[in-house]
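Since the structure comes first, as structure tokens, the remarks are kept for the end.
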Amino acid sequence: MQHDFSIPTRGQGLYEFTREVKAWVSVTGFQDGLLTMFVRHTSCSLLIQENADPEVQGDLSAFFARLVPPSSDPSMSYLRHTYEGPDDMPAHIKAAMMPVSLSIPVRSGTPALGTWQGIYLFEHRDAPHQRQVAAHLS
């Protein structure tokens, strides 16, 4: 069974969509299986991360912004792909460093996530986007 999730973003940051995933899995009728998710873009990522304390998402965003600054930063002067804006090539670099797909076991009709785990799209671009995540449950 397959499904596409559409996730609106408002710029860089983590966007949790665990609730939507759990709701879809519950209506499929699958009790046990494997959920595979794949983001269909080259400037964002997928993560399983803590969803209890929002400071975790803020710290992750701050860390990756510091690790890979915009192309307008002097330390990034070596970049050549800059015509789509100072956030574009750094977004591609971040997406190359982080997962673009996830595999999650499904048990008793629900994703087998840990107590504090959530599913996130990590947007690496400054502008709002409508991101697509393809899901396959088998």
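Throughout, read-outs are computed from the coordinates displayed, never taken from laboratory work. Bear in mind that the values here come from a model prediction, so they are computed numbers and not experimental data. So basically every Cβ, Gly included, is an ideal-geometry build from the backbone, and we count neighbours across all protein chains shown.
Things worth noting here:
- FRET efficiency for the pair Arg19 and Tyr78, taken as 1/(1 + (r/R0)^6) with r the Cβ-Cβ distance and R0 = 30 Å, rounds to 0.15.
- Taking amide H atoms as placed 1.01 Å from N in the peptide plane, the amide H of Leu46 lies under 5 Å from those of Val100, Ser101, Phe122, each 5 or more residues away in sequence or on another chain.
- Computed FRET value (nearest 0.05) for Gln2 with Ser108, which takes r as the C-beta separation and R₀ as 22 Å: 0.55
- Converting phi to 3J(HN,Hα) with the Karplus coefficients 6.51, -1.76 and 1.60 and the offset θ = phi - 60°, the stretch 41-56 yields 9, 9, 9, 8, 9, 10, 9, 9, 8, 4, 10, 8, 10, x, 5, 4 Hz in sequence order, with x at every glycine or proline.
- The chain, relative contact order in percent, only Cα pairs under 8 angstrom and at least six apart counted: 55 percent
- On Cα atoms only, tilt of 88-97 relative to the major axis of the chain in degrees: 50 degrees
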